[in-house]
Every structure is written in C-alpha cells, then in structure tokens.
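Structure first, commentary second.
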Amino acid sequence: MPDPILRISGLDAFYGDFQALYDVALEAGEGEVLAIIGANGAGKTTLMRSISGLTQNKAAMVRYRGENIGALRADEVAAKGIALVPEGRQLFPSLSVEENLIIGGQVGRKGPWSLNAVYKLFPILQERRHQQSTSLSGGQQQMVAIGRALMANPDLILFDEISLGLAPIIIKDIYAALPGIINEGMSALIVEQDITKALSVSSRFYCLQEGRVSLEGASATVAREDISRAYFGVA
Amino acid sequence: MEWVNAVVQGTLLGGLYALFAAGLSLIFGVMRLVNIAHGDLIVLAAYLGLSATTLLGLHPLAALLVVVPAMAIMGYVLQRAILNQTLGKDILPPLLVTFGLSVIIQNTLLEAYSADPQKMNAGALETASFSAGGLSLGVLPVMTFVIAVGVIAGLQWTFYRTALGRAFRATSDNQEIAQLMGLNRRHIFGLAMALALAVTAIAGIMLGIRTSFDPSIGGGRLIFGFEAVIIGGLGNLWGTLVGGVILGVAQTIGAKIDPGWQLLAGHLVFLIILAVRPNGLFPRIGE
Ligand SMILES: Nc1ncnc2c1ncn2[C@@H]1O[C@H](COP(=O)(O)OP(=O)(O)OP(=O)(O)O)[C@@H](O)[C@H]1O
Ligand SMILES: [Mg+2]
C-alpha cells in the first residue's frame, strides 16, 4: 500500500457520556477510495465527524499526513485539505446555489476545482445558480453538496450516504460522476448503506458494527456471507 | 398640518430608533443572542463621544471617527473573551451575562461621569432647520434619518453582497457546516459583534447630540430598539427601519394627543402589532 494519507488508531468517540466508537483503527492510502459500511447506528457518521473535526477527540487518534489532527476544530481540519459531504446534504438555506458553492471554496486551497469546473460536472446547477438551494430537487441538492466540498480542493473527501433518500436513477447519475470527481490522487471515504454500490467504487472496505470495526478487506474479493455476519452481527 | 407635522417628525425620530435596533437585529440574526446590554452600550458610546469632544476638542460628528472603531474593537474583544463562552443550546446564560454586563456598564459610567445628565455640543447643527412643503424640519433629525437609511443599506449590502455577509448567513443557518467550510464561528461572531457595536456607536452619538443623557437611560433605548426589531420582523433589516418609523410616529402622535402619552402610545402600537402579527410585519421568509 502507498503511504497512508489518513491513519486512525485507537479512536474512541463520545456524545456526552454515550460512547459511539470503540478503538477504531483505519488506514487510507494516498489516492485510495475506501468504503465504510455498517447498519443504522453503527457509527459511520460519527467516524466522519471525528475525521472532519465536528467531533473533537484526542489528537493522536486521527493522523493526517503524519500530523495529529484528532483534536483540531473543523475549520482547521478543512484548511488542511479534508472536506465532508455531510449526511442529509445540509445546504445553507439562506444562500443561493452559487453562494453555497462559493462558500465551499472559502478555505482558499488551490487546485483543479472552481465554479466553472463544478458547473461542467453538474450543468443543471449552472442553470439554477441563482435559486435558493432549498428549491432544488433532492438529487440537485446532493450535487450542490458534492460541489461545495469539491470547491475546497480537498486531498481527502468524505461522502456520508450520498444516495440517502434519492431516486435510483439519480443515484446512478451521481455514482457515474464519482470517477470524474475522485481523480488524480484525491483520496476518498465513502459511507454507504448500499453495500454493492459501496464495494463497486472502492478498493478496500471497513465494516462497522456497534461502534467497532467488525471486518475489513479488499472490496473485490470479499465473500458476501462474511459481510452479512460483520454487518448484522449474526454468527 | 399639525398632524402631518407629527407624522413627519415621528418618521425622522424613527430613524434614530432604527439605529438603536439595527445592531440588536444583526447579532440576533447571526448568533441568536439577545443582548440585554445593548441600550447601555449605546449610552456608553454617547459618553465616549462626549469625552472625545471635551478631551480632543472634536465636533460630535468628527468624534464618530474615534468612537466607531473603538466600539467595534470593544465588540470583537467582548465577543471573543466573554460572550462566545455563553453561547450554546441553553438561552439563559447569554441573557444573564449580558444583564450582568448592563449593570457593570451603568455603574462604571456612574463612577466615571456621575449621574448628572450631559449632552454633546454640536453647535449650530442642533438648532438648524429648513422648511419644506410648509413644514419646518430640523437638520439634525433629517441627518439622523438619512444616516439610518445609509446604515441599513450598508448592512443589507454587507449581508447579501460580500463574503463576510455570506459567512454571517451561513453561520446563522448552520454553525457546524459553516465550520466545515473553514469558517471559525468564534471569529465570525466576533466580527458580527464588532459590526453591531460600530452601528451602536453611530446610534449613541446621534442620541447624544439630540438629547441629554445619563447612565440610567440604556434600558429605555433597549426597549425602543427591541420594539422596532419585533415590529419589523426578526432578521429583516429594512423591516427594522419600518419598525423604527412606526414606533416613532406612534410616539409623536401619542404625544400630540396628550404629552404624557408619548411612550404609552409607542408601547400600545407595539403590543397591537405583536398580537396581530406575532412574527412582525416582514418576517424573514422560511423562518
Ligand atoms: N448527537 C448525538 N447524541 C447522542 N447520540 C448520538 C448522536 N448522534 C448519534 N448518536 C448515537 O451514536 C451511535 C452512532 O451513530 P451514527 O450516526 O454515527 O451512526 P450511523 O452509522 O451513521 O447511522 P445511520 O446509518 O443511521 O446514519 C448511534 O447509537 C446513535 O444513536
Ligand atoms: Mg450516518
């Protein structure tokens, strides 16, 4: 495996007294695409929050390019080149479509992504650019959320359930766009309920179960029974 | 004609109330903070203006050049050092802390300047007037109104046309996601308070030229500002101006009927509007 861009070890994460992650370990290589799968409440979103700084933990639990970032605030993590497409899209309702994209570029990192590049990827957004983001369909909102993350020109991008609540045809479109998004050296973590989808776009996967890593391996060769066991915890 | 005059004078007075209200509206809009000390900060600005005129020999309007930046810096420091610590799910801590701040400001002003009413001396400006359409208009009230319109227009422009305004709106929408965009909300809140107190500085100076003031009048200014914000609809800056004007007109018309009714009439109109339209006249859409 190439040098890891992200190395998580011994990660415990909490909501108040409630522990959501237990001793999670995970590595992503430069340019690698990982799938994170797991049932509802397994801790996938908590893992995304912990990497992006929305949930702050002990510094050494999350290492990014050799630097301990586990205790940084989300804005500091963003500046280092990690972007999150959050679960449920979470666009800014007071901002137009274009403003949602522009604010994604606020961190000021250089790279291939710009307003024009995003509009080229999702032409419909250019047509709708002056509209309120809440007036878009679910699929278009997801495009804005993805575009907003890309505008930061991240080196590591986190997708949390980008197909949640979307029609199958839209999901197909968005996954068709993914290879064009995760190009040249960008690394990605893809959280997804749809296991087949997740495995098809990733090289390796991690399965979470009740806050722990229950299985990890190569996406192409994993046996379905093993995943079922790791997913639902049935022996 | 007397009634027309009352309406016109009330409208001009409304400009001053809009200045009281704009800062209040801004910080509530950005960080959902109700600043109980807002009125006292207006009075503090008036006293800073007074000191600038007496110590530096400046005209009160020139004192704006000193007081506006001073209040803005104070706002940023106040927010970063104290108020950010109080913000969270619970709305009580910021209320208590700004109430405490209100008491501290009043007592400090009392120590520094005594309880005697004071006034800034703006020379000929105070009494200058011109006639228009058969009415005699004071230059100062007209100037205050024009400044209020300018301030509201400037804030509106900042909010909807600048990167800072975009950051304000995004942070107001969703603090966590704004943080993901690389915006440190503590800094953004600091900037919002700086801007709010810069406006408060203008309000304080215009107040201090128009009437005499003493350390105890902050509470009343807070109420006027608060009423203007609510009448206009939370989060709507032009609505705040309209709210100020409605309050000002209600007060001058009340005073015309019976001088003792000035404040009462304002409060009554406020209560009636609150009863009929609990979200104010022009609430921000979607909230
Ligand atoms: N804000 C919160 N406060 C308290 N507990 C929480 C909070 N958010 C999540 N949890 C709990 O933490 C655990 C992990 O939740 P998380 O959202 O990370 O799961 P998930 O794998 O993303 O699930 P889903 O597939 O439903 O999105 C769950 O038991 C959940 O109830
Ligand atoms: Mg989740």
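The values are calculated or read from the model by the stated rules, or taken from the named source; none is laboratory data. These numbers come from a predicted model, not from an experiment. Here the Cβ is made from the backbone with ideal geometry for all residues, glycine too, and neighbour counts use every protein chain on show. The accessibility values were calculated without ligands, DNA or RNA, using every heavy atom of the protein model including side chains. Shrake-Rupley method; radii C 1.70, N 1.55, O 1.52, S 1.80 Å.
Each row is one residue, and each column tells you yes or no for (1) of a type in the set (Gly, Ala, Ser); (2) closer than 17 Å to residue B:248 by Cα.
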{"residue": "B:177", "(1), (2)": "no, no"}
{"residue": "B:183", "(1), (2)": "no, no"}
{"residue": "B:195", "(1), (2)": "no, no"}
{"residue": "B:201", "(1), (2)": "yes, no"}
{"residue": "B:224", "(1), (2)": "no, yes"}
{"residue": "B:228", "(1), (2)": "yes, yes"}
{"residue": "B:231", "(1), (2)": "no, yes"}
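For region A:69-88, the criterion of being closer than 28 Å to residue A:20 by Cβ, out of contact with any Gly (no Cβ under 7 Å at 6 or more places or on another chain), within 16 Å of ligand 1 (Cβ to nearest atom) and open to solvent by 20 Å² or more (accessible area, probe 1.4 Å) is met by at least one residue. Is region B:153-168 home to any residue that is more than 8 Å from chain A (Cβ to nearest Cβ), in a loop (DSSP other than H, G, I, E, B) and out of contact with any His (no Cβ under 7 Å at 6 or more places or on another chain)? Checking region B:153-168: at least one residue is more than 8 Å from chain A (Cβ to nearest Cβ), in a loop (DSSP other than H, G, I, E, B) and out of contact with any His (no Cβ under 7 Å at 6 or more places or on another chain). Before we move on, is residue A:118 more than 20 Å from residue B:163 (Cβ to Cβ), crowded, with 21+ Cβ neighbours inside 10 Å and of a type in the set (A, V, I, L, M)? For residue A:118, the condition - more than 20 Å from residue B:163 (Cβ to Cβ), crowded, with 21+ Cβ neighbours inside 10 Å and of a type in the set (A, V, I, L, M) - is not met. Exactly one residue among A:21, A:91 is in contact with a Lys or Arg (Cβ under 9 Å, 6 or more places away or on another chain), open to solvent by less than 50 Å² (accessible area, probe 1.4 Å) and within 16 Å of ligand 2 (Cβ to nearest atom), and that residue is A:21. Scanning region B:83-97 for residues that are under 22 Å from the mean Cα position of the chain (by Cα), farther than 11 Å from residue B:35 by Cα and either charged (D, E, K, R) or open to solvent by 80 Å² or more (accessible area, probe 1.4 Å) (or both) returns a single hit, B:91. Assess whether residue A:25 counts as being more than 9 Å from ligand 1 (Cβ to nearest atom), part of a helix (DSSP H, G or I) and of a type outside the set (D, E, K, R). Here the answer is no, as residue A:25 does not meet what is asked.
Scanning region A:37-47 for residues that are open to solvent by 70 Å² or more (accessible area, probe 1.4 Å) and in contact with a strand residue (DSSP E or B) (Cβ under 9 Å, 6 or more places away or on another chain) yields a single hit, A:41. Against the numbered list (1) outside any helix (DSSP H, G or I); (2) open to solvent by 10 Å² or more (accessible area, probe 1.4 Å), residue A:34 comes up short only at (2). Across region A:132-178, the number of residues qualifying as within 19 Å of residue B:174 (Cα to Cα) and over 17 Å from the mean Cα position of the chain (by Cα) comes to 6. Among the residues of region A:191-198, is any more than 16 Å from ligand 2 (Cβ to nearest atom) and among the aliphatic types (A, V, I, L, M)? Scanning region A:191-198, I find no residue that is more than 16 Å from ligand 2 (Cβ to nearest atom) and among the aliphatic types (A, V, I, L, M), so the answer is no. For region A:38-73, filtering for residues that are within 14 Å of residue A:10 (Cα to Cα) and within 16 Å of ligand 2 (Cβ to nearest atom) leaves 3.
Of all residues in region A:1-15, those satisfying the criterion of being modelled with pLDDT of 95 or more and not β-branched (Val, Ile, Thr) are A:6, A:7, A:9, A:10, A:11, A:12, A:13, A:14, A:15.
Every test in (1) over 28 Å from residue A:207 (Cα atoms); (2) touching a residue at least 40 places away in the same chain (Cβ under 8 Å); (3) of a type in the set (A, V, I, L, M) is passed by residue A:145 save one, and that test is (1). Within region A:125-139, the set of residues being more than 13 Å from residue A:98 (Cβ to Cβ) and more than 14 Å from every other protein chain (Cβ to nearest Cβ) comprises A:137, A:138, A:139.
Close contacts from region A:199-212, counting a first residue that is within 20 Å of residue A:232 (Cα to Cα) and a second that is polar (S, T, N, Q) and more than 11 Å from ligand 1 (Cβ to nearest atom), with Cβ to Cβ under 8 Å and a gap of 6+ residues or different chains, come to A:199/A:219; A:204/A:219; A:205/A:219; A:207/A:214; A:208/A:214. For region B:206-237, filtered to residues that are over 11 Å from the mean Cα position of the chain (by Cα) and among the hydrophobic types (A, V, I, L, M, F, W, C), the residue that is farthest from residue B:275 (Cα to Cα) is B:209. Considering region A:42-84, the residues that are β-branched (Val, Ile, Thr), outside any loop (DSSP other than H, G, I, E, B) and within 11 Å of chain B (Cβ to nearest Cβ) include one that is nearest to the chain's Cα centre (by Cα), namely A:82. Residues in region A:8-17: is at least one open to solvent by less than 20 Å² (accessible area, probe 1.4 Å) and in contact with an Asp or Glu (Cβ under 6 Å, 6 or more places away or on another chain)? The answer is no; no qualifying residue exists. So for region A:144-166 (the condition being more than 16 Å from ligand 2 (Cβ to nearest atom), away from every other protein chain (no Cβ under 14 Å) and either loosely packed, with under 14 Cβ neighbours inside 10 Å or aromatic (Phe, Trp, Tyr) (or both)), does at least one residue qualify? Within region A:144-166, none of the residues are more than 16 Å from ligand 2 (Cβ to nearest atom), away from every other protein chain (no Cβ under 14 Å) and either loosely packed, with under 14 Cβ neighbours inside 10 Å or aromatic (Phe, Trp, Tyr) (or both).
Right, residue B:235: within 14 Å of chain A (Cβ to nearest Cβ) and either closer than 22 Å to residue B:205 by Cα or crowded, with 18+ Cβ neighbours inside 10 Å (or both) or not? Here the answer is yes, as residue B:235 does meet what is asked. Screening region A:1-22 for residues that are part of a loop (DSSP other than H, G, I, E, B) and out of contact with any strand residue (DSSP E or B) (no Cβ under 6 Å at 6 or more places or on another chain) and picking the one that is farthest from residue A:76 (Cα to Cα) gives A:17. Pairs meeting the criteria (first residue in region B:113-131 and touching a residue at least 40 places away in the same chain (Cβ under 8 Å) and within 17 Å of residue B:57 (Cβ to Cβ), second residue part of a loop (DSSP other than H, G, I, E, B) and open to solvent by 40 Å² or more (accessible area, probe 1.4 Å), beta carbons under 6 Å, at least 6 apart or on different chains) are B:119/B:212. In region A:94-115, the residue that is nearest to the other protein chains (Cβ to nearest Cβ) out of those that are open to solvent by 40 Å² or more (accessible area, probe 1.4 Å) and among the small types (Gly, Ala, Ser) is A:108.
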